[in-house]
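What follows is a set of notes on a single structure, which appears directly below.
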There are 2 protein chains.
Amino acid sequence: MFRLAVRSKSSNNYLKSSLIRYSSSSSASKLTADKYNVKRGNYSTINDDDLKEFNSILSSNQIITDSNDLIGFNQDWMKKYIGQSKLVLKPKTTDQISKILSYCNKRKLAIVPQGGNTGLVGGSVPVFDEIIISLSNLNKIRSFDEMSGILKLDSGVILENADNFLSEKGNIFPLDLGAKGSCFVGGNVATNAGGLRLLKYGSLHGSVLGLEVVLPDGTILDSMHSLRKDNTGYDLKQLFIGSEGSLGIITGVSILCPARPKSVNIAFLGLNSYESVKKCFQTARSDLSEILSAFEFMDHDSQLLAAKNLNSIHPLCQEDKIGIDSVPNYPFYVLIETSGSTKEHDDEKLEKFLEKVMENETVIDGTVSQDEAQLKTLWTWRESIAEASQQFGGVYKYDVSLPLDSMYSLVEAVQKRLNDLNLSSTTDNSKPVYEAVGYGHIGDGNLHLNVAVREYSKDVEKALEPFVYEFVAKHHGSISAEHGLGFQKKNYISYSKSEVEIKMIKDLKDHYDPNHILNPYKYI
Amino acid sequence: MFRLAVRSKSSNNYLKSSLIRYSSSSSASKLTADKYNVKRGNYSTINDDDLKEFNSILSSNQIITDSNDLIGFNQDWMKKYIGQSKLVLKPKTTDQISKILSYCNKRKLAIVPQGGNTGLVGGSVPVFDEIIISLSNLNKIRSFDEMSGILKLDSGVILENADNFLSEKGNIFPLDLGAKGSCFVGGNVATNAGGLRLLKYGSLHGSVLGLEVVLPDGTILDSMHSLRKDNTGYDLKQLFIGSEGSLGIITGVSILCPARPKSVNIAFLGLNSYESVKKCFQTARSDLSEILSAFEFMDHDSQLLAAKNLNSIHPLCQEDKIGIDSVPNYPFYVLIETSGSTKEHDDEKLEKFLEKVMENETVIDGTVSQDEAQLKTLWTWRESIAEASQQFGGVYKYDVSLPLDSMYSLVEAVQKRLNDLNLSSTTDNSKPVYEAVGYGHIGDGNLHLNVAVREYSKDVEKALEPFVYEFVAKHHGSISAEHGLGFQKKNYISYSKSEVEIKMIKDLKDHYDPNHILNPYKYI
């Protein structure tokens, strides 16, 4: 009998409470500017007149200058990037943001727009004394049209709140990701977040119908359209999707939200090779077709990391064990999610699919969720890897697109290189690296390579970069599938983009932000 | 019993032979420049040295100067717009296009890029003596990856040829439209074509993964990426999707092509009111959900036009009649297409849906396709309306996005206005207008308003414009859902876009094409 009940008794509730902010090793607390030897740009420094001006635009509780209160805004959640801002502004309206930008542009004061600050490449924290504009006070749902499924909302609405709102209306936000409890929809759009269900709902370039953006000179671009089709002029909003706060500050989003699936199934499978993972994906794409909403893969070591961190029972555990002992020996695991409108049909499709892949031995073992709780538990073993990768002190995260054929070989190549350089060991605590693990969205050609480390170190960084980027470029991939460039990958864009493309990108930046006040030292 | 066999015996084969080019009334043969009083821009005129240069880039059979051979290139298929070009160039490579553009840019020679020339707004034909660059010789499929479904091809490949190629591989082009036998995929991308199945596969902004474009100065932008996810820099290709040949000439397209559905059903329904059409759509969206691939509506008069033109038996005809006599009296008709992977499941979903909407009297009558031939026949009654609208001499076509609630009222308002102005009659041949009909993609909020006329006339044009655009603006719609701006709607963009948006669009044009050599007198 294939359908095994999920054995895990742990509810892993703590995982739902968004991202955990923890301290890593001391070397990580160094200022970004010093650590990476960055030179401050030729920007003005905030003076009393500036503060007076901001006080005339905002009320006092929208302005933060207290050094203790500034800490959280100055660093990313991994504490890899630490800035030196002296001022956080928390406007409540688009108009206030317009006034602030107009003023800063004239005064050449640099700005970092900040959403939920859940980014992974240091894009949402300052490097020097940039003014942080937090979008947290722009947090209203503006409207929802039940007939068309079009949602309009402020950019500072938390993704999970937006999805909960939609859930009550029978709709779903066409994006889901691990940080949903903290990240803002505006940040999702600004970074063109991909997430867990892009396979079914497509990219934000397709689902975002309109944006409201404040340009660097304070101009408000009101493109909050709510039309699925509109061929009147260049599609300006596209420029801002994935621009990482470098062209304007997104203040409003209009987005098409599909009907919420009435039936969701998860299958969690064990496979004997990466070849089998690919074969399994081919079959799922063909046989599950319109109900396939996620196809995620995880390597064995990523499951060991997760088990160590969760200390609960692995879904495919066959005996009475817990933690790492409960993880069976399959080199690869796959999580398949189906979403549809008719439970019996979805069940039947999934059952037939599983019979096929079990029969031809593409899949060796598996379990299927029986209820909502089990469904969440199964997802946990995929979603918690990011966090589990940090349990030894820190993590170097790479998020790349690669052709499926060469995708996993990157993880193998990196682990081999770390071994060859004598930097890695799961047992010897004197080595900086614990190990490299791989997992990700097979359906999107997107690999997450996590190098779990005991400490952040220049040696490890040198071993990894540009090695990883060179590998990706050689295989015509992207050095950033969904995380963006931010600070971390700013210097490596040429591994994914041609000279002509880079020149065009720089031209656009110069065109819209000639004083380069928006999110300096990053992107490009 | 609800499931009636389709009674139509006509195969309507001639409809498949792409677009029919026919002559309309004499007033339509006037030159665009004269008819619309356009002033020639400050461009150079082609001289012998220019021809020498083009002869050095192309071989002689790639250059057309014979006045008879030029006719077809100088006019659109409706013969509404007639230009005066003396030169057509038919390059075979991207490199040749680069050399041509580089030269023309230096010499300030104006250019019109031309694909299949199936556009509806005069965007692909010259106004004065612009050089026509035809993409017809760039017609190779470059590569197809069966694992990912990513197709790379030249921009001059005919849409139907691309889809036939994919069909053999078990995939489908994520776009379908009436002109598929003639239009080029590059033109589809340049005009951001929407078409019949956007509801299921989304817009080209989501499915196009990469483009190769020659910029006005001859620079080749090679962004032929084949990654579903790539967050490294602004998404440059988006600028060219829907730019109607005003920013660059698209020479290559990389596009994600989904698995071809294994099961396709069509239901053709009769309804008693527009309210019922909306209700039917709501139910289909919820109950057919992931297999709903098209939801098209047609009014009664559009079916009469089609019947008159096809002279075959309407799908919902109850007696032994033919042509217009065979069209029953329902004020509205709906065509629903489902596409899925499992025939029994799709049949069951459709059956349950139909039972529901028949039982609650949302739908009064209907038929379901039993085989491939019937499926094509049913589509004919939707797809042939465009052509049927021209049978009396010509047609004014409007393609707008409107909120569903106010969508059909535009057709009623236009017919009332034409009646009030005494311009319209189905029986009195001395009136310029035959009638106004409405149909379109309810699922996309996209209405096609066709005003069938006996002749093109200034009076009718004045009655329609800006009336139609004002109506659309008042209801926050788009004056061009999918046809684009071209020549026809150039002056009306302000009904759909704000001053800020228009300024940004003009800025981008100036930025990329400072000499305005690409597709002048159009777009914006």
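Globularity index of the protein assembly as shown is 0.95 (Cα radius of gyration / 2.2 N^0.38 Å, N = number of residues). Counting, for every residue in B:478-485, the Cβ atoms of other protein chains within 10 Å of its Cβ and taking the mean gives 4.
Indicate, rounded to the nearest 5 percent, the antiparallel portion of the DSSP beta bridges found entirely in the protein assembly as shown. Antiparallel bridges: around 90 percent, rounded to the nearest 5. Were the residues from B:E361 through B:N164 laid out at 0.36 nm apart, the gain over their Cα-Cα distance would be 67.0 nm. Distance between the modelled labels on A:S273 and A:D66, one decimal in nanometres: 6.2 nm (7 Å Cα→Cβ projection).
For the segment A:241-247, counting C-beta atoms of other chains within 10 Å of every residue's C-beta and taking the mean gives 3. Over the residues of the protein assembly as shown, the helix contribution to mean residue ellipticity at 222 nm works out to -9000 deg cm²/dmol, using -39500 (n - 2.57) for each DSSP H run of at least 4.
Ignoring solvent entirely, what values of log10 I(q)/I(0) come out of the Debye formula for the range B:141-256 at 0.10, 0.11, 0.17, 0.19 Å⁻¹ when each Cα is a single scatterer? Per q value, in the given order, log10 I(q)/I(0) is -0.26, -0.31, -0.77, -0.98. When B:P514 is represented by a point 7 angstrom out along its Cα-to-C-beta vector, the spacings to that point in the other copies are 1.4 nm, nearest first. Assuming R0 = 51 Å, can you tell me the calculated FRET efficiency for the pair B:S494 and B:T427, based on Cβ-Cβ distance, to the nearest 0.05? Calculated value: 0.85. Quick note on chain A: its Rg to Rh ratio, both from C-alpha atoms and Rh being the Kirkwood radius, is 0.97. Charging the Cβ of each Asp and Glu at -1 and of each Lys and Arg at +1, and nothing else, the dipole of the range A:437-510 about its Cα centre rounds to 120 debye. Seen from A:Y330, the other residues with C-beta closer than 10 Å to its C-beta sum to a net charge of -2, counting Lys and Arg as +1 and Asp and Glu as -1. Backbone N atoms of the range A:257-285 closer than 15 Å to the 7 Å Cα→Cβ label point of A:H476 are not found in any residue. Here the spin labels are modelled as points 7 Å beyond Cα on the Cα-Cβ line, and at A:T93 and A:Y36 they lie 3.6 nm apart. Taken along the Cα-to-beta-carbon direction at a fixed 7 Å, the label points for A:S56 and B:D420 span 5.1 nm.
Length available on full extension from B:K262 to B:D320: 0.36 nm per residue minus the Cα-Cα distance, which gives 17.5 nm. Shown for A:K52, A:K497, B:K30, B:K99: other C-beta atoms within 10 Å of each C-beta, ranked fewest to most, produce the order A:K52, B:K30, B:K99, A:K497.
Here A:V500 yields copy-to-copy label distances, from shortest upward, of 3.3 nm, the label point defined as 7 Å from Cα along Cα to C-beta.
Close amide H partners of B:E130, meaning residues 5 or more places away or on another chain with modelled amide H under 5 Å apart, are B:Q84. Pairs to check: B:K108/B:K474; A:K108/A:K503; A:K140/A:K376; A:K356/A:K416. Give those whose C-alpha atoms are more than 31 Å from each other in this structure. Violating the 31 Å limit, Cα to Cα: B:K108/B:K474; A:K356/A:K416. Remark: label point of A:N61 defined 7 Å out from Cα along the Cα-Cβ vector; separations to the same position in other copies 7.9 nm, ascending.
Partner shielding of A:202-212 amounts to 4, given as the average count of beta-carbon atoms from other chains within 10 Å of each residue beta-carbon. Distances between placed amide hydrogens fall under 5 Å for B:G218 paired with B:S102, all partners being 5 or more residues away or on another chain.
Oblate is the label for the range A:368-466, because a/c, from the alpha-carbon gyration tensor with a ≥ b ≥ c as root eigenvalues, is 1.5 or above and a/b does not exceed b/c. Each Lys and Arg Cβ is given +1 and each Asp and Glu Cβ -1; about its Cα centre, the range A:261-386 then shows a dipole of about 300 debye.
Across chain B, the longest run free of exposed loop sites, meaning GluC sites (Glu not before Pro) lying outside DSSP classes H, G, I, E and B with no more than 16 other Cβ atoms within 10 Å, spans B:147-318.
Given their separation in residues at 0.36 nm each and the Cα-Cα distance between them, B:D347 and B:D48 gain 101.1 nm when the chain is fully extended. Secondary structure note: in the range B:26-134, about 35% of the DSSP beta bridges are antiparallel. When B:T65, B:T232, A:T380 are sorted by how many other C-beta atoms sit within 10 angstrom of their C-beta, beginning with the fewest, the order is B:T65, A:T380, B:T232. For A:L211, the residues 5 or more places off, or on other chains, whose built amide H falls under 5 Å of its own are A:S223, A:M224, A:H225, A:S254. Positive-end ranking of A:V213, B:S480, A:P315 along the dipole of the protein assembly as shown, with charges on Cβ about the Cα centre, is headed by A:V213.
Only the Cβ atoms of Lys and Arg (+1) and of Asp and Glu (-1) were treated as charged; on that basis the dipole of chain A about its Cα centre amounts to roughly 980 debye.
Any read-out appearing in this document is the output of simple, stated calculations on the displayed coordinates, not a laboratory observation. For clarity, every value in this text was computed on a predicted model and none was experimentally measured. Heads up, the Cβs are rebuilt from the backbone with ideal geometry, glycines too, and the neighbour counts pull from every protein chain shown.
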